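One structure is given here, and the rest of the page talks about it.
The values are calculated or read from the model by the stated rules, or taken from the named source; none is laboratory data. Small disclaimer: the values here were computed from a predicted structure and weren't measured. With ideal geometry, Cβ positions are generated from the backbone for all residues, glycine too; neighbour counts draw on all protein chains shown.
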């Protein structure tokens, strides 16, 4: 199998175990035949396919809907932190990348033309509330004052790009908003209501307070960096905040991991999950400053959540069914004749891997999600976890960790 094979005749995916496809998915190991148009033409055990059929040998691997990374930064060249989509996309088992606010209304057209449209991955985006987006992330704030936000142009940008934009993104931490506090979140929520889209809010160093953000949001909105360990923003250091987060999650506010270079704590995640508060979605917040430090890729991030007590099937749902509901990606009948093929094949393997959270806490993972292939239509891409050039403990002493 070449690294990528596109529209070159039928593909037979052999001996795979479905997971996260819903209650009607087969319970046994199956084969899946995909025609040259990228649609499922047959499925079941021991399919007989002859002729010039390309074979993908699963050897009992798991198969799920294509993985979705709900928080990444891929406006490469348009911001100083974004990576190329292929570094965190299909070659890592990810078929859909959701960029979390790299572009604002003033530069979204470039993001669409140079990144979204040419990409083999599906790329969706949260539009940054600030007009300039993350052009010079953390060096030039996208929300310095009211002049940073142009409501009319945001609405126009969404109308022109509604097939690509899935919501608004606001970074609510003091290094971004300064004395504004929670005001940008309120403005963002108002615009999101007008557009009838969800809002994703980054919680970080207060102000704004995590509590204040939760009180503004409503069902369908997303809090990213939900298990960060920052002073004043950790849900396990304040019982009232923890109970508020539990209540809001029960009411439909989505808690997203958004690991990043400074926003995930093993301890916070372990305590929250042990108390029954699971994240809605698992995402990387991958960017140039996190990829070779604490994040690496989505499979490694999934493995971290597994290691702190999140059940296997819940982990897989958190990168498939859950984020798909945020971006309104249909997930019904994905394993049925006539459906377009979009899958991730992966194994859960025994290993011993030294990793870090965003605070520099070390852990050793003994079970790893290992992507094998990503399938989109008739295109099959061999996949693997990202191997950083060296294992490096996160270092925020220079203050450049993306928050």
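Looking only at the range 285-305, which residues are in contact with a helix residue (DSSP H, G or I) (Cβ under 8 Å, 6 or more places away or on another chain), under 13 Å from residue 385 (Cβ atoms) and in a helix (DSSP H, G or I)?
Those that are in contact with a helix residue (DSSP H, G or I) (Cβ under 8 Å, 6 or more places away or on another chain), under 13 Å from residue 385 (Cβ atoms) and in a helix (DSSP H, G or I): 291, 295, 298, 299, 301, 302, 304.
Just give me the residues in the range 19-43 being assigned to a loop (DSSP other than H, G, I, E, B) and in contact with a strand residue (DSSP E or B) (Cβ under 9 Å, 6 or more places away or on another chain), in sequence order.
19, 20, 21, 25, 26, 27, 28, 29, 35, 36, 37, 38
Test residue 325 against the criterion of being surrounded by fewer than 21 Cβ atoms within 10 Å (Cβ to Cβ) and either assigned to a strand (DSSP E or B) or in contact with a strand residue (DSSP E or B) (Cβ under 9 Å, 6 or more places away or on another chain) (or both), and give yes or no.
Against the criterion (surrounded by fewer than 21 Cβ atoms within 10 Å (Cβ to Cβ) and either assigned to a strand (DSSP E or B) or in contact with a strand residue (DSSP E or B) (Cβ under 9 Å, 6 or more places away or on another chain) (or both)), residue 325 qualifies.
Of the conditions (1) without any contact (Cβ under 8 Å) to a residue 40 or more places away in the chain; (2) in contact with a strand residue (DSSP E or B) (Cβ under 6 Å, 6 or more places away or on another chain); (3) more than 28 Å from residue 300 (Cα to Cα); (4) in the same structural domain as residue 185 (by TED's automatic domain parsing), residue 132 fails just one. Which one is it?
Here residue 132 clears every test but (2).
Among the residues of the range 195-206, count how many are surrounded by 19 or more Cβ atoms within 10 Å (Cβ to Cβ) and in a loop (DSSP other than H, G, I, E, B).
Number of matching residues: 4.
Only one of 345, 306, 278 is closer than 19 Å to residue 69 by Cβ, outside the structural domain of residue 15 (by TED's automatic domain parsing) and in contact (Cβ under 8 Å) with a residue 60 or more places away in the chain; which?
Just a single option satisfies the conditions, and that option is 306.
Could you tell me which numbered condition residue 177 fails, if it satisfies all but one of (1) surrounded by fewer than 24 Cβ atoms within 10 Å (Cβ to Cβ); (2) over 22 Å from the mean Cα position of the chain (by Cα)?
(1)
Of the residues in the range 280-298, how many are surrounded by 24 or more Cβ atoms within 10 Å (Cβ to Cβ) and touching a strand residue (DSSP E or B) at 6+ places or on another chain (Cβ under 9 Å)?
12
Which residue out of 186, 169 is crowded, with 23+ Cβ neighbours inside 10 Å and either within 25 Å of residue 227 (Cβ to Cβ) or touching a helix residue (DSSP H, G or I) at 6+ places or on another chain (Cβ under 6 Å) (or both)?
Just one listed residue meets the conditions, 169.
Would you confirm whether any residue within the range 64-71 is assigned to a loop (DSSP other than H, G, I, E, B), within 17 Å of residue 300 (Cα to Cα) and either in contact (Cβ under 8 Å) with a residue 12 or more places away in the chain or out of contact with any helix residue (DSSP H, G or I) (no Cβ under 6 Å at 6 or more places or on another chain) (or both)?
yes
Given the conditions (1) buried (at least 24 other Cβ atoms within 10 Å of the Cβ); (2) within 14 Å of the chain's Cα centre (by Cα), which single one is not true for residue 75?
Residue 75 satisfies every listed condition except (2).
If you go through the range 341-352, how many residues are more than 12 Å from residue 372 (Cα to Cα) and at pLDDT 95 or above?
3
Considering every residue within the range 89-100, establish whether at least one is farther than 26 Å from residue 313 by Cα and buried (at least 24 other Cβ atoms within 10 Å of the Cβ).
Looking through the range 89-100, none of the residues is farther than 26 Å from residue 313 by Cα and buried (at least 24 other Cβ atoms within 10 Å of the Cβ).
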